[in-house]
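The values are calculated or read from the model by the stated rules, or taken from the named source; none is laboratory data. Quantities reported herein were computed from a predicted structural model and do not represent experimental measurements. Every residue, glycine among them, receives a Cβ derived from its backbone with ideal geometry; neighbour counts consider all protein chains shown. The area values use the complete protein model at the heavy-atom level, side chains included, leaving out ligands, DNA and RNA. Shrake-Rupley method; radii C 1.70, N 1.55, O 1.52, S 1.80 Å.
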Amino acid sequence: MMGEETQSLHLDEGLSVKEEELGQAEGKMNQVEDEQPEEVEEEDEEDEEALPHSEFLDIFEEGLARLVQDPLLCDLPIQVTLEEVNSQVALEYGQAMTVRVCKMDLEVMPIVVVQNAMVLDLKKAIQRFMELKQQREGGVKHVSWRYVWRTFHLIFQGEKLDDDKMKLKDYGIRNRDEVTFMKRLRKK
């Protein structure tokens with residue numbers, strides 16, 4: 001019997017030693033698991049702190065400049081907007097068209113609108129084009145577009161584009177057609 005007690009003691013001791021080792025191993029695993037996210041979080045915080053906003057913008061603009069060198073996007077300015085990129089892609093896929101709007105000073109504005117655009121869409125695209133141009137070049141800060149549309153007409157092949165809800169296609173305007181920005185004549 002004594003031998004059996006000694007054997008069970010050895011088994012119990014062995015089991016308790018194994019349980020201790022298992023407990024220590026689990027503790028180490030939990031410690032490693034707990035440490036990993038903290039290390040990752042610390043690295044993320046260090047990365048965020050390492051790049052000030054101005055440096056991040058510089059890196060972003062450099063990447064954007066490389067992207068704009070692509071043959072598909074080479075017509076876009078360096079300070080391109082998402083709207084301009086989307087318009088250029090839509091042009092390439094045939095989902096949009098370019099309407100060339102000629103101002104009285106003979107400047108031609110390439111305005112991109114969707115294929116089924118209405119006159120109002122063209123007017124809004126002209127406004128956006130001019131706002132972006134003014135931001136990039138400086139100049140007039142505010143334009144009264146209500147005044148502009150009361151003072152000027154858009155004309156295509158001698159016909160005024162009076163109805164804002166009419167589609168450009170209904171006027172016969174297609175890709176790369178020219179629309180003139182002309183001052184209204186006073187009524188007497």
Percent accessible area from carbon and sulfur atoms, region 72-188, protein chains only, probe 1.4 Å: 52 percent
Stokes-Einstein D in µm²/s, Kirkwood radius over Cα pairs - region 149-188 at 37 °C with 0.692 mPa s viscosity: 298 µm²/s
Difference of contour (0.36 nm per residue) and Cα-Cα distance, Glu131 to Arg66: 20.9 nm
Under 5 Å, built H, 5+ apart or other chain: amide partners of Val101: Met109, Ile111, Val179
Modelled label reach - Lys103, point 7 Å along Cα→Cβ, region 55-97 residues with backbone N closer than 14 Å: none
Filtered chymotrypsin sites (Phe, Trp or Tyr not before Pro), region 77-169: DSSP coil and at most 12 other beta carbons within 10 Å: Tyr93
Percent of C-alpha pairs per 5 Å bin, region 106-188, short to long: 3, 13, 24, 26, 19, 10, 5, 1, 0
Span from the region 149-188 Cα centroid across to the region 50-101 one, whole angstrom: 30 Å
Under 5 Å, built H, 5+ apart or other chain: amide partners of Gln115: Ala96, Met97
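Quick one: compute the contact order of region 54-159, relative version, from alpha carbon pairs under 8 angstrom and 6+ residues apart, as a percent.
Working: 63 pairs, mean separation 12.8, N = 106.
Reported relative contact order: 12 percent.
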P(r) weight above 15 Å for region 47-139, C-alpha pairs, percent: 68 percent
Percent RCO, i.e. relative contact order, over region 116-179, from Cα pairs under 8 Å lying at least 6 residues apart: 48 percent
